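A quick write-up on the structure given underneath.
The values are calculated or read from the model by the stated rules, or taken from the named source; none is laboratory data. Bear in mind that the values here come from a model prediction, so they are computed numbers and not experimental data. Backbone-built Cβ (ideal geometry, glycine too); neighbour counts: all protein chains shown. Surface areas here come from the heavy atoms of the whole protein model, side chains and all, with no ligands, DNA or RNA. Shrake-Rupley method; radii C 1.70, N 1.55, O 1.52, S 1.80 Å.
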Amino acid sequence: MLEISGLRKSFDGFVATSDVSLSVARGEIAAVIGPNGAGKSTLFNLITGHIRPDVGTVHLEGRDITGAAPHAICRMGMGRSFQRANIFPKLSVFENVQAALIAHRRAATDLWSASRDIFRAETHQLLASLGLGPQAEVTGGTLSYGNQKQLELGIALAGEPKILLLDEPTAGMSSVETAETIGLLQRIASERELTLLFTEHDMDVVFAIAHKIAVLHQGRIIAVGRPDEVRADPEVRRVYLGEQHA
Amino acid sequence: MTTRLPRTIPWMTIAFALALFIPIFGTRFYTSVATDVLILGLFATSLNLLLGTTGLVSFGHAAYFAIGAYVCAIAMKTFEVPFLLALPLAGLAAGAAALVFGYFCVRLTKIYFAMLTLAFAQIVWAICFKWNDVTGGEQGFNNVPYPDLAWMEVLPGLSRMRVGELYFYVTLVVVCLCLYVMRRITNSPFGRILTTIRENPERAEFVGIDVRRFELAAFVIAGLFAGLAGALFGIFNRGVFPDFGYWAKSAEVLIMVILGGMGQFFGPLVGAFTLVVLNQQITSYTEYWPLVLGLLLIVLLYAFPAGLLGTIADLVKSLRGRRNA
Ligand SMILES: Nc1ncnc2c1ncn2[C@@H]1O[C@H](COP(=O)(O)OP(=O)(O)OP(=O)(O)O)[C@@H](O)[C@H]1O
Ligand SMILES: [Mg+2]
């Protein structure tokens, strides 16, 4: 599904990502973990076209998408959420998700219909599945941070992605919201055969749902494998897990 | 089945109907002010498609107003093209210019975008100023003919009206049609996408929107309607001058939009009305109009940051909320 090979990116001489290779199979749930500043978000931005790698390639379903524009990559079936909730703050919750549907269903070039009336049922259905139904008419930017993250997930899901990249999807959520969101993701992943690549600091979440974990440290992948393999890796314990579970 | 009363009052229809009576009951002066307000209101509304809807700040919107004005005036006077053809031609010419200039502008963001729109507008101004043979240069392009409106005199109530008054009706119809179209566009799925670009271009890009292309589309549509406004204004003014495209004109229309409220579709129209009337009133008392205008704007912007219509809309909303509570 997703094939990353030899990605390298430096910012003014500071190497944020170096020689990162990773492959994610269709339907797989993969996690990238690592301490703050390890380069997780940078890796995501390299995959989604927000920054261009210095070296290396990214393939999506066999097609080279290295350096393609984000909107083009999105159109090929990739969805993403950002680390900091990234929504349309002054639009209502309904409009946030509806806009994503308009874009995905290619209604964006319609200059004449009333946007109010389009994709209403689909939008409400998606909001309900996220638990945001009652807040449909609320202004997006006034939601709690956890709800904003859920809303952003809704925006990403509206695009019916084949692969979804989530940068710390549950950061800022209450434990209840976290459980709901994880449940939703697992359900959608199995229903739609969605491929999932996510980063997360909450190790309970990671070990609960990931089939595969890659550990990033100072821009390099130091371990990759099944959760039990990664948990047992001495190098990983030393630089990351050890310090948290001490 | 229950019949429901209309939820909102049809303000647009009422305003249109009332406006029909202006030349009948008003003096020539009022009719002329009303024509001015309508045209500048259209111009300001076209800018708001960029500013309020898409979140793009253009410092050079007057360029498209000027192009429309010159194209229509030159077509009608030099080439004797009928108004019904010259008007759309002016809109298309302005839209085409917006397509070319906009292609470069949307490649830049924020203040750099604004600066490039200004640069292109100054180029347009310089061409109008120097190209004597076609534009009349510094002296302007004078004696622009009125369209042939004699046929309108057969309409009930319009016999014996002066051409300036008949032209008010032409303006009213054209402006209302343009506003209707722009309102449809603003409320369409395309318009919704423009608001997502205003709110968060990064996110818009990652729901699959080619942000630059949509910005360019908005720029062209805004330029086209500015061109139509310019065409109407050149005839109303009986002459077209390089100043139509000068940066001061771009600033004036920007002020109208902000003053009226860029969050409301009709905000720019209210802004145009306010500025035209203030201009009339203050210039009759003092020659320091720009100074007074400046002070007034500072006060208004501090008191009503959402603009005049925006403030009223907020007030109505909070009153309704209290009543329903
Ligand atoms: N645009 C940029 N310019 C310069 N340096 C950058 C840029 N983006 C990221 N960095 C640097 O690259 C390193 C990796 O950052 P990144 O955001 O990818 O880490 P992360 O693993 O996502 O961390 P966190 O867990 O805190 O989100 C950091 O040291 C950061 O300062
Ligand atoms: Mg990060």
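How many residues does segment B:235-263 contain that are under 21 Å from B:Leu296 (Cα atoms) and open to solvent by 10 Å² or more (accessible area, probe 1.4 Å)? Can you show your working first?
Here is the first cut: in segment B:235-263, the ones under 21 Å from B:Leu296 (Cα atoms) are B:247-263.
If we keep only those that are open to solvent by 10 Å² or more (accessible area, probe 1.4 Å) as well, we get B:247-249, B:251-252, B:254-255, B:258, B:262-263.
Residues that pass the stated criteria total 10.
Counted as qualifying within segment A:38-128 are the helices (runs of 4 or more DSSP H) with 1 or more residues that are among the hydroxyl-bearing types (Ser, Thr, Tyr) and more than 10 Å from chain B (Cβ to nearest Cβ), namely A:40-47. Being modelled with pLDDT of 90 or more, open to solvent by less than 20 Å² (accessible area, probe 1.4 Å) and more than 30 Å from B:Arg212 (Cβ to Cβ) holds for only one residue in B:Val106, B:Val144, B:Val175, and it is B:Val175.
When the residues of segment B:74-99 are filtered to those that are out of contact with any helix residue (DSSP H, G or I) (no Cβ under 9 Å at 6 or more places or on another chain) and assigned to a helix (DSSP H, G or I), the one that is least open to solvent (accessible area, probe 1.4 Å) is B:Lys77. For segment B:193-210, the candidate set comprises residues that are at the interface with chain A (Cβ under 7 Å from one of its Cβ atoms) and assigned to a helix (DSSP H, G or I); within that set, the residue that is surrounded by the fewest Cβ atoms within 10 Å (Cβ to Cβ) is B:Glu202.
Given the structure, is B:Tyr169 part of a helix (DSSP H, G or I), open to solvent by 10 Å² or more (accessible area, probe 1.4 Å) and modelled with pLDDT under 95? Criteria met by B:Tyr169.
So that you can scan it fast, the table gives a plain yes or no per residue for (1) aliphatic (A, V, I, L, M); (2) without any contact (Cβ under 8 Å) to a residue 40 or more places away in the chain; (3) in the same structural domain as A:Ala30 (by TED's automatic domain parsing):
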{"residue": "A:Val93", "(1), (2), (3)": "yes, no, no"}
{"residue": "A:Ala100", "(1), (2), (3)": "yes, no, no"}
{"residue": "A:Arg106", "(1), (2), (3)": "no, yes, no"}
{"residue": "A:Trp112", "(1), (2), (3)": "no, yes, no"}
{"residue": "A:Asp117", "(1), (2), (3)": "no, yes, no"}
{"residue": "A:Glu122", "(1), (2), (3)": "no, yes, no"}
{"residue": "A:Leu127", "(1), (2), (3)": "yes, yes, no"}
{"residue": "A:Gly140", "(1), (2), (3)": "no, no, no"}
{"residue": "A:Gly154", "(1), (2), (3)": "no, no, no"}
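Only a single criterion out of (1) at pLDDT below 95; (2) within 14 Å of chain A (Cβ to nearest Cβ) is not satisfied by B:Ala248, namely (2). Among the residues of segment B:275-288, just one is over 19 Å from B:Val257 (Cα atoms) and hydrophobic (A, V, I, L, M, F, W, C), namely B:Ile282.
Residue by residue, here is whether (1) over 18 Å from the mean Cα position of the chain (by Cα); (2) crowded, with 22+ Cβ neighbours inside 10 Å; (3) away from ligand 1 (no atom under 16 Å from the Cβ) holds:
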position	(1), (2), (3)
A:Leu7	yes, yes, no
A:Val15	yes, no, no
A:Ser18	yes, no, no
A:Leu22	no, no, no
A:Glu28	no, no, yes
A:Gly79	no, yes, yes
A:Gln83	no, no, no
A:Ile87	no, yes, yes
A:Ser92	yes, no, yes
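Taken over segment A:108-129, the criterion of being closer than 24 Å to A:Ala189 by Cβ and open to solvent by less than 20 Å² (accessible area, probe 1.4 Å) is satisfied by A:Thr123, A:Leu127. Remark: pairs (first residue in segment A:167-186, away from chain B (no Cβ under 14 Å); second residue open to solvent by 50 Å² or more (accessible area, probe 1.4 Å) and away from ligand 1 (no atom under 13 Å from the Cβ); Cβ separation under 6 Å; 6+ apart in sequence or on different chains) = A:Gly172/A:Tyr145. Of the candidates A:Gly225, A:Gly219, the single residue that is away from ligand 1 (no atom under 16 Å from the Cβ), among the small types (Gly, Ala, Ser), away from chain B (no Cβ under 14 Å) and open to solvent by less than 50 Å² (accessible area, probe 1.4 Å) is A:Gly225. Taken over segment A:144-172, residues that are away from ligand 1 (no atom under 16 Å from the Cβ), farther than 26 Å from A:Ala25 by Cβ and not in a helix (DSSP H, G or I) amount to 1.
Of all the criteria given as (1) within 14 Å of another protein chain (Cβ to nearest Cβ); (2) within 17 Å of the chain's Cα centre (by Cα), the one not satisfied by B:Val240 is (1). Does B:Leu149 satisfy the condition of being out of contact with any strand residue (DSSP E or B) (no Cβ under 7 Å at 6 or more places or on another chain) and either crowded, with 23+ Cβ neighbours inside 10 Å or closer than 30 Å to B:Gly263 by Cβ (or both)? In short, no. For segment B:179-189, taking the residues that are part of a helix (DSSP H, G or I) and over 17 Å from B:Leu51 (Cβ atoms), the one that is farthest from the other protein chains (Cβ to nearest Cβ) is identified as B:Tyr180.
Could you tell me whether A:Ala208 is farther than 30 Å from A:Phe94 by Cβ and either away from ligand 2 (no atom under 16 Å from the Cβ) or not assigned by TED's automatic domain parsing to the domain that holds A:Ser21 (or both)? Here the answer is yes, as A:Ala208 does meet what is asked. For segment A:97-107, the tally of residues that are open to solvent by 10 Å² or more (accessible area, probe 1.4 Å), of a type in the set (A, V, I, L, M) and closer than 18 Å to A:Ile87 by Cβ stands at 0. Taken together, the residues in segment A:53-77 that are within 16 Å of ligand 1 (Cβ to nearest atom) and under 15 Å from the mean Cα position of the chain (by Cα) amount to 1.
Name the single residue, out of those in segment A:130-140 being farther than 19 Å from A:Arg80 by Cα and in a helix (DSSP H, G or I), that is least open to solvent (accessible area, probe 1.4 Å). The residue in question is A:Gly133.
Let's see how each residue does on (1) modelled with pLDDT under 90; (2) of a type in the set (Lys, Arg); (3) not assigned by TED's automatic domain parsing to the domain that holds A:Leu197:
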residue	(1), (2), (3)
A:Glu3	no, no, no
A:Asp12	yes, no, no
A:Leu22	no, no, no
A:Arg26	no, yes, no
A:Ala30	no, no, no
A:Gly34	yes, no, no
A:Thr42	no, no, no
A:Thr57	no, no, no
A:Leu60	no, no, no
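For B:Ala62, the test of being touching a Ser or Thr at 6+ places or on another chain (Cβ under 6 Å) and hydrophobic (A, V, I, L, M, F, W, C) is passed.
Would you confirm whether any residue within segment A:138-153 is charged (D, E, K, R), at pLDDT below 95 and more than 16 Å from ligand 2 (Cβ to nearest atom)?
To start, the set of residues in segment A:138-153 that are charged (D, E, K, R) comprises A:149, A:152.
In the following step, the residues that additionally are at pLDDT below 95 were identified as A:149, A:152.
Still in the running and more than 16 Å from ligand 2 (Cβ to nearest atom): none.
No: segment A:138-153 contains no residue that is charged (D, E, K, R), at pLDDT below 95 and more than 16 Å from ligand 2 (Cβ to nearest atom).
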